[in-house]
Each structure stands twice: as structure tokens, then as C-alpha cells.
1. Considering only the chain, what is the antiparallel percent among its DSSP beta bridges, to the nearest 5?
2. With +1 on each Lys and Arg Cβ and -1 on each Asp and Glu Cβ, how big is the dipole of the chain about its Cα centre, in debye rounded to the nearest 20?
3. Tabulate in residue order the Karplus-calculated ³J(HN,Hα) for the stretch 162-175, using 6.51 cos²θ - 1.76 cosθ + 1.60 with θ = phi - 60°, rounded to whole Hz; enter x for Gly and Pro.
4. Give a residue-ordered list of calculated ³J(HN,Hα) values for the stretch 376-387 (Karplus: 6.51 cos²θ - 1.76 cosθ + 1.60, θ = phi - 60°; whole Hz; x for Gly, Pro).
5. Under the definition of Cα pairs under 8 Å and six or more residues apart, what whole-number percent is the relative contact order of the stretch 22-79?
6. To the nearest 10 degrees, how steep is helix 187-199 against the longest Cα principal axis of the chain, on a 0 to 90 scale?
7. Give me the percent relative contact order of the stretch 287-404, please, defined on Cα pairs under 8 angstrom at least 6 residues apart.
8. May I ask you to compute the full-extension gain from Lys47 to Lys163, defined as 0.36 nm times their residue separation minus their alpha-carbon distance, rounded to one decimal in nm?
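Values quoted throughout were computed directly from the atomic coordinates according to the rules given, and no laboratory measurement underlies them. This is a predicted model, so every value here is computed, not measured. Reconstructed Cβ throughout: ideal geometry from the backbone, glycine too, with neighbour counts over all protein chains shown.
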Amino acid sequence: MESLKNLKKMQGAALSCVSCGQCRNPIWPSKNIIGVCPVYNTEYTPKFEPYFSRGKNTILKGLLWGELNLSQDLANIFFQCTTCGACEEFCHNSYNQNIDFPTHRWMENVKVYESLRADLVEAGFALEEHKEMNKALQKLKNPYNREPHAKLEWTKDLDFKIKDASKEPVEYLYYVGCTSALSLKTQNIAKATAQVLQKLEIDFGILGENEICCGSVAKRTGDLKVFNQVKQENIEQFKRLGIKKIITSCAGCYRTFLKDYHKDLSDIKIYHSSEIISDYIKNKKLPQKKLNLKTTYHDPCHLGRHCNFYEPPRNVLNAISDFKEMKRSRENALCCGAGGGVKKAFPELALEMANNRIYEAKEMEIDVLVSTCPFCHRNLNDSIDHLGINLKMIDLTELFLNILTENSYN
């Protein structure tokens, strides 16, 4: 049990599973719920019980009852999961408060699986791909193994200068996040967000080379040592600079600050960029003419299921485009496949999950697939390129920028 110190803290939840199988492949046609586990919907992973929630929960019992030991085999199974939270969303034991289960606890799959991952890492069973990523995060404060000054490269394409929040006071800190700042495929998100904030006359700044990764990737992949280190560094920096409001265009950063930093940021208000845009639309009169585009929206798991954040992006899309919901949306949305360290360690699995989402979007006969997460954006775009499908992927902030600049989107 000493090697299960993190899982033991979640023991009540871990033992709450009644093995009903609702999490495995729930079917509820009237609500368009037709299987939500993104791993179950792939051919990459064998349809063998340990790869899905009910089997994982049985393994948890074996560990807690001393019948199983931590191993690399277990690590390979538990890391082939995006921790999207769909299994928890549809678990009767998580949300049905009308039933008094014997343990008097509710399943909390995401927290439980992250706890076991932490135990696996501490026991020496971290995946090599994750070790490399978290080592870079610890050394350079980003998981992409890039020098800190690279976080400013995207600003060179702007026609205005952004305030340096580490040197002068700002009302809002725009926390860019590593993926938007450093990945060439998603830097347009950072550029568009800065342009939108500037056009909305919001007093904001960035930290640039002083921005420290929020630590989400370390937390999701079980490296609590690295996560706690960058978490503490971020908290100290925010407090030293007197930051009171943070805007981020990354669903992962938003979730991490809101839930994983929890009380440590209780005096700082966290906003997702779509909230800022939605509030602006409510309070200002936009041009009556919408963009001549048919759009649909992909709910990032870290915004939707993890934070119950569904309305702001839809408010914006309804106001500026011809918006249609995907077949599986909101709490029923199919995960893009990028999260939980899956894209880093199992890129083929991540791509197959993204392919399934792209097929679903294509069925909508829309012009543009919109998301509010650079991880989703990147993985879904990879799928579009891989499949050769005529579909455009765009971040919500990029789309809204076209309204502000009165340019049509081509």
C-alpha cells in the first residue's frame, strides 16, 4: 500500500464501481448518446475490458486489495486513456444521488486514474515519452523543449506591441500557454487572441519568456513532482506581479488553473477567451451581417465535461455564423484524442480518435469546424490532413477576429 499512496487517498471513489458497464458504451438514442468512450471507438486498442473504465476499475480493486502489483503493463494500459471524463459523466454511481450505495461515495474516474498514474510514475513506471516531456518542462518551463525566449516569436507578426506584464501593471494577464505560443500549427490562436483583446480595448499583457507552463501535461501524466514545482512558481509569480485576472485561450490551462490550482488562486479570476468575446457580444452591437459560414463546434473535454463550460462558445457562434450542433455534443461530445498524454505516447491512437471526430463533423455538411483548445485544434487538424478531407479547422477567436476586422473568411 505504500506504493499506492495517491490512489489510497481516492480509495472510496475507486471502490465505488459496481461493474454495471454503463461507462463502457452507453446507448441512449433519444439523446444522441451512442457510445462515448473515445478509446472504445478505435481499432488501435483491443476491445478488451482493461482498456475501458469498468476493467480499469476492477484492476483498481485488485491493487487496493493487494492482489495485483504496479507494473509497466498496467502503466501501458492506464496511459492509453485521454482522461476525457466521459465514463464519469455517464456513470450512474457518479451522479445518481437518489441511490444510497454501500460505500456512500461517488466514482470520480478522472481523479482516480490520475492518482494511479502518479503512483505508477513514483514507482518507476512512467512512459519514456512522458519522461522526456516532463524533463523539458522542469528544465525549460515548457514541455516542447524550447528556450523560454521562443514564447515571444509569435508576437513578431503583430502590428502592435503587447505590454510586458512582468514589468508593468495590467488589468488582465493573457496567459498564452505553451501550445499556442510554441507550436507553429497553433500560433494563430495566440495572434488572434491578442488582436481581439487589443481591438476590444482591453488592458492586457503577457509574460512572454517569463511565462511558466501551467503544468497540465505533468499532472495528466502523473508527474506530481514537476507539476507541483511549476504550480508553486506560477502562484508566486502571479502574486508578486499582483495579477488579479487571467485570460487564457487554452482549455487545458483554464481547467488547470480553475481546478488543479484550486484555492491557491482563489483571489484571481480565471477567464476563457470565449467568455470575454461572449460578454462583449452581449453588451455591444455587432454588425447585423453574419459570416456566410456554416459552423459546428467541438467541445474540448477540459472545458466541457471537466468544467461544465458549454454556453459562451455557442453564444458567439450563434451570433456570428450559421451554427449547427454536432450529433454528439456538450457532455456527450466525442473526445478529440489528444489529452491525457495520449498524443505524446500513442500518436496513432490519438489520430484514430481524431479521425472519428472529423468523420462526425464532416457529416454535418459545414464549412468550418470550430474549437476553443489548441490541443484539440492541433490533433483534429492533423486528422484533416491525414484523411484529406475538405474541411477547415479554426479557433473561435480567429473566427471572431474576422467580424471585428469586417473581413470575410476565405
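1. Among the beta bridges of the chain, antiparallel pairing accounts for roughly 10 percent.
2. Dipole about the Cα centre, nearest 20: 560 debye.
3. Coupling constants for the stretch 162-175: 8, 4, 8, 5, 7, 10, 9, x, 9, 6, 10, 8, 8, 8 Hz.
4. For the stretch 376-387, the Karplus curve yields 4, 4, 5, 5, 5, 5, 4, 5, 4, 5, 5, 7 Hz.
5. Rounded, it is 23 percent for the stretch 22-79.
6. 50 degrees
7. Contact order relative to length: 31 percent.
8. 36.6 nm
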